[in-house]
Amino acid sequence: MNRFSQLEFGEESPKPNRSPGEAVRDADYFLKEALRFWLAGDFEMALRNYSRVLEQNSTVFDAWVGQVLMLIELGEYKEAMVWADKALELFPEHPELLAVKAVACLRDAKAEKAIAYSDNSISKENVTPRVWLARAEVVLGRKSSVADNCISKAIGSAGNITPIIKLEAARLLRKKGDYSAAIRYLNDVVKVFPQSAMVWCEIGCCQAKLGLSGAKASLEQSLRLRPDLEAAKTALKSVDKKGFFRKLFNW
């Protein structure tokens, strides 16, 4: 059974008897679990939990968006587009769904479609922070100043999800190669999510690109929080290798 068969949902399945004091496993519970796994960099488990939210309540908009975003993180771009379309049946022309579909198209090398969906998303009312982040990614390779402006708009309109949007913005800035700006946002985010393996990994990767001495410690902290995080393992090996050759050269 592949991961996508687990995304189908319909009648709620029977729940086992709950012991006293055990958390109620409702839609809100699984939504929080999805966020927890995302912050750990475990996109597969985050995807499963967003799916469980929709099993409980198929009208939870954040779970639809989260599910599409996790499929994008896993490199399943075509599947992400399919689920974005399913969500658009429930939430027609919603700007955020159009925006995440734009990102899926962009990652799948369908640049013209990505631009079209992004243009459509920013033309709507009630544009959300993720709409601006998606726009920033779509124009990233062509219009750097426009991308920066879109990131600023995303953060400025984020409200109580500012730490999440700053983390997503920092990851986008790392992709752009603006490591110093990414670290500035990540320094704010890590104060809110000090137990996030993904945040520490992002910090460490940016520090490594800038040749900062704190990179090794940040990546090691990431691996303490989640020992199997491949991105942190790979980055730490690179840092160790550079450190070895630097010592060898100095010797």
Specify whether the C-alpha gyration tensor of the chain places it in the rounded, prolate or oblate class, a ≥ b ≥ c being the square roots of the eigenvalues: rounded for a/c under 1.5, otherwise prolate if a/b is larger than b/c and oblate if not.
oblate
The chain, relative contact order in percent, only Cα pairs under 8 angstrom and at least six apart counted:
11 percent
If one takes the longest principal axis of the Cα atoms in the chain, at what angle in degrees, from 0 to 90 and to the nearest 10, does the Cα axis of helix 129-139 lie?
60 degrees
Quick check for me: using +1 on Lys/Arg Cβ and -1 on Asp/Glu Cβ, what's the dipole size of the stretch 179-251 about its Cα centre, in debye to the nearest 20?
280 debye
Between S58 and S157, what is the spin-label point distance in nm, taking each point 7 Å from the Cα along the Cα→C-beta axis?
3.0 nm
As straight-line cross-link partners of K216, the qualifying aspartates and glutamates (C-alpha separation under 14 Å, not fewer than 8 residues apart within one chain) are E202, D240
L88 neighbourhood, Cβ < 12 Å, K/R = +1, D/E = -1, net charge -2
If you line up the long axis of helix 111-122 against the longest principal axis of the chain, both from Cα atoms, how many degrees apart are they, to the nearest 10?
70 degrees
Of the cross-linked pairs K78/K191; K86/K166; K124/K166; K110/K237, which ones have a Cα-Cα span greater than 32 Å in the structure shown?
K78/K191; K110/K237
Dipole of the stretch 25-157, positive end: most advanced residue of F37, S123, A87 [Cβ charges, Cα centre]:
S123
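Note down the net charge around A116, summing +1 for each Lys or Arg and -1 for each Asp or Glu among other residues with Cβ under 11 Å from its Cβ.
+1
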What's the angle, to the nearest 10 degrees (0 to 90), between helix 162-176's Cα axis and the longest principal axis of the chain?
60 degrees
How much length is gained on full extension from D85 to E112, taking 0.36 nm per residue of separation minus their Cα-Cα distance?
7.9 nm
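No value in this document is a laboratory result; all are computed from the given coordinates. Please read all numbers here as calculations on a predicted model, not as lab measurements. Using ideal geometry, Cβ is built from the backbone for each residue, glycine included, and neighbour counts are taken over all protein chains shown.
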